[in-house]
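Remarks on the structure that follows.
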Amino acid sequence: MLALGEEQDEVAVVDDQRGSPTYVGHLAEATRAVLDLPYGTYHVAAEGEATWADFAEVIFEEAGIDCRVRRVSTAEFPRDAERPGYSVLRSERGAPTLPHWREGLRAALERL
């Protein structure tokens, strides 16, 4: 997204797929903590949810890139593999709670 935003005035981004963008640095810390928990299945994801278009807009905003996001449907942006419309995950079952995805995005951008 950063490269596209630098190269183009507008990008088309899917707006009908919703998920939980999760920063790998936060996920790695949580994974270490899960190893100390009793054996079981744990779900770990960032707080909050966003569409890909929401995520792209915040990426541009946080990075200070002047690029418009044109919200499109999945049907307008065909891919070989089908994508679910709703794939929001939550930290649950006693798993560590991660920061909101916006905090994860800021942490990722700081590392660039």
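Given the structure, is THR51 polar (S, T, N, Q) and more than 17 Å from ALA12 (Cβ to Cβ)? Spelling it out, it is not the case that THR51 is polar (S, T, N, Q) and more than 17 Å from ALA12 (Cβ to Cβ). Of all the listed residues (LEU27, LEU37, LEU4), the sole one being assigned to a loop (DSSP other than H, G, I, E, B) and of a type in the set (A, V, I, L, M) is LEU37. Give ALA53, ALA30, ALA45 a once-over and let me know the one that is within 14 Å of the chain's Cα centre (by Cα), closer than 12 Å to LEU98 by Cβ, open to solvent by less than 30 Å² (accessible area, probe 1.4 Å) and among the aliphatic types (A, V, I, L, M). ALA45 is the lone residue from the list that is within 14 Å of the chain's Cα centre (by Cα), closer than 12 Å to LEU98 by Cβ, open to solvent by less than 30 Å² (accessible area, probe 1.4 Å) and among the aliphatic types (A, V, I, L, M).
The values are calculated or read from the model by the stated rules, or taken from the named source; none is laboratory data. Because the structure is a prediction, the values reported are computed rather than measured. Please note: Cβ atoms are built from the backbone with ideal geometry, for glycine as well, and neighbour counts cover all protein chains shown. When the accessible area is computed, the model is the full protein with side chains, heavy atoms only, and any ligands, DNA or RNA have been set aside. Shrake-Rupley method; radii C 1.70, N 1.55, O 1.52, S 1.80 Å.
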